[in-house]
Amino acid sequence: GGNETTIMGIIEAMLISGMVVQGDPQGDHYGPVSIGKPDDRVKQQCQRRGLRIAELTKKLVS
């Protein structure tokens, strides 16, 4: 427990700082979480999240 609370705190700090938050409807509710070494599922979620952020960044700067 506590993963969701931690992630929401990070998202809140990002929003307060004027950052853009990119979600992923295919992943876990609050994003990939790993305690210890990430398994293949978490690695795949991280890779997909990175691609989504890169795509959003391209749209924002164009």
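Data for the structure
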item	result
Top-ranked residue in segment 1-32 [being of a type in the set (Asp, Glu) and in a helix (DSSP H, G or I); ranked as surrounded by the fewest Cβ atoms within 10 Å (Cβ to Cβ)]	Glu12
Segment 1-32: number of residues that are over 21 Å from Gln47 (Cα atoms) and modelled with pLDDT of 90 or more	8
Members of segment 48-62 found to be assigned to a helix (DSSP H, G or I), small (Gly, Ala, Ser) and more than 11 Å from the chain's Cα centre (by Cα), listed by number	Ala54
Flag for Ile35 being loosely packed, with under 11 Cβ neighbours inside 10 Å and either part of a helix (DSSP H, G or I) or modelled with pLDDT under 95 (or both)	yes
Conditions (1) more than 21 Å from Leu56 (Cβ to Cβ); (2) touching a residue at least 12 places away in the same chain (Cβ under 8 Å); number of the one not met by Gly36	(2)
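The values are calculated or read from the model by the stated rules, or taken from the named source; none is laboratory data. These figures come from a predicted structure and were not determined experimentally. Glycine gets a Cβ as well: all are built from the backbone with ideal geometry, and neighbour counts include every protein chain shown.
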